[in-house]
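These notes are about the structure you will find just below.
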Ligand code: GAP
C-alpha cells in the first residue's frame, strides 16, 4: 500500500513537471530517447537557483576555492590513465529471447538479493545457480562487464586516434588543470577547484525519471589537502554538504548518510560516504563524498611527466596532494527537491497541490496579476506594479490567464511563494493584495513598500 502511494507520488511529480514546464521527455515528438530529459523554463530556473546556491556557498563565499569550466571532450589518454577505460563498468546481463539488456545487480536487487560486495562473477554464478529469469520470464545469458563511457569520434579521419569520450565525471577536467591553477594563482594548501557541468554515462537501464539518466549535470569539488589532514577535511565537507541540503530545503528526514564498504567503492576511493534519499522507488544515492587519496594526480603525473606535485614554500617539500571530493548531481537534486516540496492540502473546500519550495530556490519569487484582465485601467496599474517589482526581483512573473482562482492554483503548483493582485482599490489607495502560498492568507500592502516587503520575505528563507 505504501508502495502504491509512493509510486503514485512519482507519477504525480512527472505529470506536474511536464504540465507546468519543469521537465519534458527528451526528443519527445520522435518517440523520445531513453535516459534524456529536457528542462523547460521552470526547470531551468530551478536548476539555476540550485547551481547558484551551491556556487555561492562553496566558491564565492570562500577564499580557498577556484572555479573551472573545462571541456567535455578530453584527450582519450585521460580516461585510460584515470582507470575509466578499464574499470568504469556495470554488470550487464541479456534476456536470451528478447535480447533486452538489464543491470544484473538491479535485477537481483529487485528480486530481494543483497548484492553488497558481489562481483560480476558472483552475480553470474547466482543467476545460474538459482535459475534467475528476466522480468519477461526468459532465461538470462552470462553477466558481462559493460563500459559506461559514451564513445565518440572527432575529426574527419576514422582511426583509433580520433576516439574521444563524453566525460563520465567532471572531476578529471579538474585534475588535468591542477597545474594550471597552481601556476596561475599559487594557492596554499588546502585549496579546492570547483566545477559545474554536464557528464554522460551509457547507463544500461536508465530509469526512475531524472534519477538515472545518460546525460546529467554534476557539481564537483576536488579539495586538495595534506595526507595527514584528510580525515578532518572529510568530516568538514560532510557537515557542509548536509548544511547545504538543509539550506535549499531538502526533506532532511529523508536524507541518510551511508558508509560504503570496501568492495563497493569506486576504484580510486579509500573512503566513501553516500548521501542517500528516500525516493518513492527506494532509498538510493543522492550525492557522494569520497577520499580519492592522491590516486588521480599521481596517475596523470606518471602518464604525462607533467610534474603535478605541490611545492610547500615553508618546508620546501614537494609532494602530490590528497583529495576530498564532494560530488553532487544537479538532476537528482531537482528530483529530491520536487519530492520534498510536493504537498497536497485542502483550501476553500478543494484539494490543492502546491510545491513548498523555499523562496530562495523557487523558480519565481512572486507573480503579479490584475484582478480582471478586461479592464485596461487595472492592466495598466498592474503592469506598472509588475515593472517596479521586476526591476529589483528579476524572478517575478506576469500572469493574467484565466480567473484569479486559477492563477493562484497555477502559482501554487509551480511553488511561487507570493502573489500580488492589483484590484480596484489599488487605483484609489495605492495598495495591493499580497497572498502567501502556504497559508493562502492575504494582506494589504502599500505600493511604496511592496518590493522591500517581498525582498524581506524572500531573503528570510
Ligand atoms: N566524480 C565522482 C563521481 O562522479 P558518482 O557517485 O559516480 O561519483 C556523483 O557520481 C553524482 O553524480 C551522484 O551522486 C549523482 O548525484 C550523480 N549521478 C551519477 N550518475 C548519474 C546518472 N546516471 N543520472 C543522474 N545523476 C547521476
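Coordinate-derived values only; no laboratory data. Being a predicted model, the structure only gives us computed values, none of them experimental. Cβ placement follows ideal geometry from the backbone for every residue including glycine, while neighbour counts extend to all protein chains displayed.
Here the calculated FRET efficiency for residue 114 and residue 235, from their Cβ-Cβ distance with R0 = 41 Å, stands at 0.90, rounded to the nearest 0.05. Counting every other Cβ atom within 10 Å of each residue's Cβ, 451, 351 order from fewest to most as 351, 451.
Start at zero, step by 5 Å, and the Cα-Cα distances of the range 89-147 spread as 4, 22, 35, 27, 10, 2 percent across the bins. Figure the gain on full extension for residue 307 and residue 455 (residue separation times 0.36 nm, minus the Cα-Cα span) and round it to one decimal in nm. 48.3 nm is the gain from fully extending residue 307 to residue 455. With N the number of residues in the range 364-459, Rg(Cα) / (2.2 N^0.38 Å) evaluates to 0.95.
Please label the shape of the range 125-272 as rounded, prolate or oblate, based on the square roots a ≥ b ≥ c of the eigenvalues of the alpha-carbon gyration tensor (a/c under 1.5 means rounded; beyond that, a/b larger than b/c means prolate, else oblate). Before the final figure, lay out each step's value.
Details: a/c = 1.99, a/b = 1.29, b/c = 1.54.
It is oblate, given that a/c is not under 1.5 and a/b is not larger than b/c.
What is the fewest-to-most order of 58, 424, 146 by other Cβ atoms lying within 10 Å of their Cβ? Numbers along the way, then the final one.
Details: 58 22, 424 12, 146 18.
Fewest-to-most Cβ neighbours within 10 Å comes out as 424, 146, 58.
Here is how the number arises for the chain: DSSP H runs of 4 or more residues each give -39500 (n - 2.57), the sum is divided by the residue count, and the result at 222 nm is -10500 deg cm²/dmol. For residue 73 and residue 259, the difference between the fully extended length at 0.36 nm per residue and the C-alpha to C-alpha distance is 63.7 nm.
The distance between label points at residue 446 and residue 315 comes to 6.4 nm (points 7 Å beyond Cα on the Cα→Cβ vector).
Using the count of nearby Cβ atoms within 10 Å as a rough guide to exposure, how do 82, 70 rank from fewest to most? Write down the numbers at each step before the final one.
On the way: 82 25, 70 19.
Ordered by Cβ neighbours within 10 Å, fewest first: 70, 82.
Computed from label points 7 Å out along Cα-Cβ, the spacing between residue 380 and residue 30 is 5.0 nm. For a paramagnetic label modelled on residue 228 (point 7 Å from Cα along Cα→Cβ), amide N atoms under 19 Å away belong, within the range 179-201, to 188-191.
In the calculated pair-distance distribution of the chain, the portion above 29 angstrom amounts to 57 percent of the Cα-Cα pairs. A viscosity of 1.002 mPa s and a temperature of 20 °C, combined with the Kirkwood radius over Cα pairs in Stokes-Einstein, give a translational diffusion coefficient for the range 35-117 of 120 µm²/s.
Each part reduced to its alpha carbon centroid, the range 327-397 and the range 242-260 end up 25 Å apart. Spin-label pair residue 136-residue 390: with each label point 7 Å from Cα along the Cα-Cβ axis, the two points sit 5.2 nm from one another.
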